[in-house]
Structure formats: structure tokens, C-alpha cells
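Comments concern the structure below.
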Amino acid sequence: MTNKSELIEYTSFRQFGFNEGVMEGLDTVGFEKPTPIQAQIIPHVLAGHDVIGCAQTGTGKTAAYLLPILHRIIENPVKGINTIIIAPTRELAVQIAQQLEGFSYFLNISSLPVYGGTDGMEWEQQRKALSQGVDIVVATPGKLISFLNMDIVPVQNLQHLILDEADRMLDMGFFDDIMRIISYLPETRSTLLFSATMPPRIRELSKRILKEPVEVNISLSKPAAGILQMAYLAYDKQKTRLLASLIKGRDLPSVLVFASTKSKVKSITRELAAEGLQVADIHSDLEQSDRERVLLSFRNRQLQMLIATDVLSRGIDIENISLVVNYDVPRDAEDYVHRVGRTARAEQTGIAITFINEHEQSEFARIEKLIGYEIRKQMPPESLGDGPEFNPSMNKPKFRGKPGRRPKPKK
Ligand code: ADP
Ligand code: MG
């Protein structure tokens, strides 16, 4: 689905058009700008869509739903319970309730935590509060069902159901409980499902309970199966010639190369251009308008090869690239997955190649650990001579701190 949220880059919470109450809540909590999952999810929740949000732990999924829901509650209050949030464990429910409390500190919004292990008096208080109706209920499945079974919970106007940590809920055997809860809820609600992973059982669940969901998936740990990942062991001085040899004479309409520094980007570009390849560079020394012009011609496939710095890698929004080359091993293992993901969308297949010098081997091993498998390492073609042996525990990274703190070389 293409829509506004994929074209606009959200760098400030203001851009979502939140009402003042929500903006004050953000101030209270001290969040300054949206995380990537928040940037992608919030517009859909505001629009009332069903959403599947998949991203690793710690990426800010809670606020991705709490903020737009608070906005919608303020804009459109209903009688009875507005929103039910379900989480697998008491601890998670507590965390959600705490974030909710922070955001809604100055808001006239009521919320109620409903999770197991409370005594009889608390139970009675919860029963009372629930039957009177609160805006937001944060609950674990079992406890919520016991109240729903009593038929005292005014859910007929429910606007939002949120399943947080859905993968863990299924791991813990809550599938039937979730279906049971849903049997009590009106169909007109929107449903939001959040998960750190997307196993088939989550797909199954979402098919059953979500309507035409927008899916936002920024999980990082597995490059798509259609991508051919390769690695070459090469000394720095071999890398540019290796790159040229991989591209020349092959049908690769769009090649994106990432290198670690501006000066490398510039010299690679110069050398490849001298070899007659159709290549341009992009880095922070270029004016914004020049960057845009280069990106546009690359997107339009008028330009075959683009050489970019690491810094720009996340910001470059181009997909369906035939070949991605990591001229240097990305320092951040997750960047590797991001980059590789730019090739091979849908039916197409793409290739991702990484060059590994003698100092980058343990960093590459870290990437392999993140993705969960090893990538075959090859030597450069004979004409370029052998590259370094692969031995990540011996070949530690070069010191990369500030120059003044460089350790003295051992004699
Ligand atoms: P997840 O549910 O994806 O595991 P959380 O929603 O629990 O992640 O958020 C992880 C941490 O990041 C929390 O401590 C939260 O307060 C913080 N956080 C979330 N969004 C932002 C933001 N936009 N700016 C700063 N910190 C944030
Ligand atoms: Mg979470």
C-alpha cells in the first residue's frame, strides 16, 4: 500500500498533527523525535487502520500505539471502554501502564491495569472501575477474560484493541484466550498487533482478527531468502579493482556501493569512472540539490552505479537494486541487514557482496551471528592475487577510536 506516510519523512512528533495534550505528554516524557517504527506506524493508527507492527525489542513500539490512541481518545471520546491493550505478562503490562501514565499525566484520560495476582479487594475495585468504564484497559489475557465473562465490561463502543508482544502471547499459549476475548468485542474496532517476530502463527492470527492491515516490518535479523549474499576476502588495495571486475561485462542495471569514508567514496568513483564505468558519488560534501539530482538519476536507472558513504546509507530510499556492495564491512551489524534488504524485493532476486579486509573479520563474524548463518568467503580472482585468510579471532579490528587515544604499538 502506498500512502502519505511512506513519502513523508517524520523527523518531529509535530508532523503527526497531535493535539496539544499529546504534545505535552511527549514533553513530560522527554521524547524528542519519533523512532523509525513510530514514524511508520503512527499515521496509520491516526487514520484508523488495522496495523501489524513488527520490530525488534527496544524500538519504541509502545509509544507507536499509545500516542495516536491518546490523540484519538481526546478527539473522539466514547462512552464505556475506548481501548484494550493486551500483553502476555504482568511485567509487560506494568511497563505499558507506566508509559501510559507518563504520556497522560496532564490528560483527562482514565486507565486501569488489569492483570493477575491481585487480592480480593483489588479485584473488587477493578470490577467496579471496569463496569463504570475507563478509557484504556491494560490487561493480561486471563484476567481480562474473567471480567469479560461476567458481562459487566462496557465494550460496545470499543475503538481499539492492541495485542502487544503477540509472538510471546502465542508462545505462552494464549491463542484461545485471545480469540475468546475478541468474541466479546465489536467488529467495528481497529486492531493493532505488535510483535518482535513474524512466525507463521502470527500471520495466521492476524488473518483471523485484522482487517486489511497495514504491515510495517522493520525486523532486522533475517535478510530475505531471495538475496544471494557473498563475501570476498580482499586487502584494501585490491578492493576497487575487485569491484570493477565484478561489474564489468555483467547485466547489473543498478549497483549501490557503500564505503566507510568520504575520501574513499571519492577515490573509488574516480577510479571506476576512469575504467569507463557509469558512476557517481554521494556524500555530505555535496549540496542537497546535487544529492537529489544524483539520487534521481540513479532511481530512474539513468545512472548505473552509485557510491555512497555509510552515513547516507540509511537515508537513501531506493529499493530493487540489482547489486549492493559493502566496500567496507558495515560497523553496525544491523546496517548490513538494512542494506542487503535494498536488493531483491518481491519476486526479484538481488545480490549483496561484502569485501572483508584483514581487520574487518571479527566485525563480519558479528554480522553472521546476527543473521544466524555464515556467508561463504571467496578469494579475489587470480589476476588480483590472494586476499587475507579468514580468521576473525586472530584478525582483530584496527583501533578506530579518536586519534589522540590510539594505543602505542607493541614492539
Ligand atoms: P519495544 O516495545 O519496541 O520493545 P519500548 O516501547 O518499550 O520498545 O521502548 C523502548 C525504550 O525506548 C523505552 O525506554 C522508551 O521509553 C524509549 N523510547 C521509545 N520511543 C522513544 C522516542 N521517540 N524517543 C526517546 N525514547 C524513546
Ligand atoms: Mg514492547
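The values are calculated or read from the model by the stated rules, or taken from the named source; none is laboratory data. None of the values given here were measured: they were computed from a predicted structure. Note that each Cβ is placed from the backbone with ideal geometry, even for glycine, and that neighbours are counted across all protein chains shown. The accessibility values were calculated without ligands, DNA or RNA, using every heavy atom of the protein model including side chains. Shrake-Rupley method; radii C 1.70, N 1.55, O 1.52, S 1.80 Å.
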Can you tell me which residue among Ala224, Ala273, Ala280 is open to solvent by 30 Å² or more (accessible area, probe 1.4 Å), farther than 22 Å from Asn357 by Cβ and at pLDDT 95 or above? Ala273
Verdict on Leu148 being within 16 Å of ligand 1 (Cβ to nearest atom), surrounded by 14 or more Cβ atoms within 10 Å (Cβ to Cβ) and assigned to a helix (DSSP H, G or I): no
Here's a check for you: in region 151-168, which residue that is open to solvent by 30 Å² or more (accessible area, probe 1.4 Å) and of a type in the set (D, E, K, R) is farthest from ligand 1 (Cβ to nearest atom)? Asp151
Select, from Pro43, Pro34, the only residue that is in contact (Cβ under 8 Å) with a residue 24 or more places away in the chain, open to solvent by 10 Å² or more (accessible area, probe 1.4 Å) and within 10 Å of ligand 1 (Cβ to nearest atom). Pro34
Across region 50-71, the tally of residues that are part of a helix (DSSP H, G or I), of a type outside the set (A, V, I, L, M) and within 15 Å of ligand 2 (Cβ to nearest atom) stands at 3
Exactly one of (1) within 15 Å of ligand 2 (Cβ to nearest atom); (2) of a type in the set (Val, Ile, Thr); (3) farther than 19 Å from Leu210 by Cβ; (4) modelled with pLDDT of 95 or more is unmet by Ile74. Its number? (1)
Members of region 64-117 found to be open to solvent by 40 Å² or more (accessible area, probe 1.4 Å), within 16 Å of ligand 1 (Cβ to nearest atom) and in contact (Cβ under 8 Å) with a residue 60 or more places away in the chain, listed by number: Gln99, Tyr105
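Results for (1) in contact with a Ser or Thr (Cβ under 6 Å, 6 or more places away or on another chain); (2) part of a helix (DSSP H, G or I); (3) more than 16 Å from ligand 2 (Cβ to nearest atom); (4) closer than 25 Å to Arg201 by Cβ, shown as yes or no for each residue.
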| position | (1), (2), (3), (4) |
| --- | --- |
| Phe18 | no, no, yes, no |
| Phe31 | no, no, no, no |
| Gly48 | yes, no, yes, no |
| Gly80 | no, no, yes, no |
Selection over region 337-382 where residues are part of a helix (DSSP H, G or I) and either closer than 22 Å to Ala259 by Cβ or touching a residue at least 40 places away in the same chain (Cβ under 8 Å) (or both) yields a count of 14
Answer residue from region 169-196, given it is crowded, with 17+ Cβ neighbours inside 10 Å, in a loop (DSSP other than H, G, I, E, B) and in contact (Cβ under 8 Å) with a residue 60 or more places away in the chain and is farthest from ligand 2 (Cβ to nearest atom) among those: Leu185
Going by the structure shown, is Glu212 at positive phi, open to solvent by 50 Å² or more (accessible area, probe 1.4 Å) and at pLDDT 90 or above? yes
Got a number for residues in region 229-268 being open to solvent by 40 Å² or more (accessible area, probe 1.4 Å) and assigned to a helix (DSSP H, G or I)? 8
Does Ile96 count as of a type in the set (A, V, I, L, M) and in contact with a strand residue (DSSP E or B) (Cβ under 6 Å, 6 or more places away or on another chain)? yes
Quick one: in region 318-336, of everything that is without any contact (Cβ under 8 Å) to a residue 60 or more places away in the chain and open to solvent by less than 10 Å² (accessible area, probe 1.4 Å), which residue is nearest to the chain's Cα centre (by Cα)? Tyr336
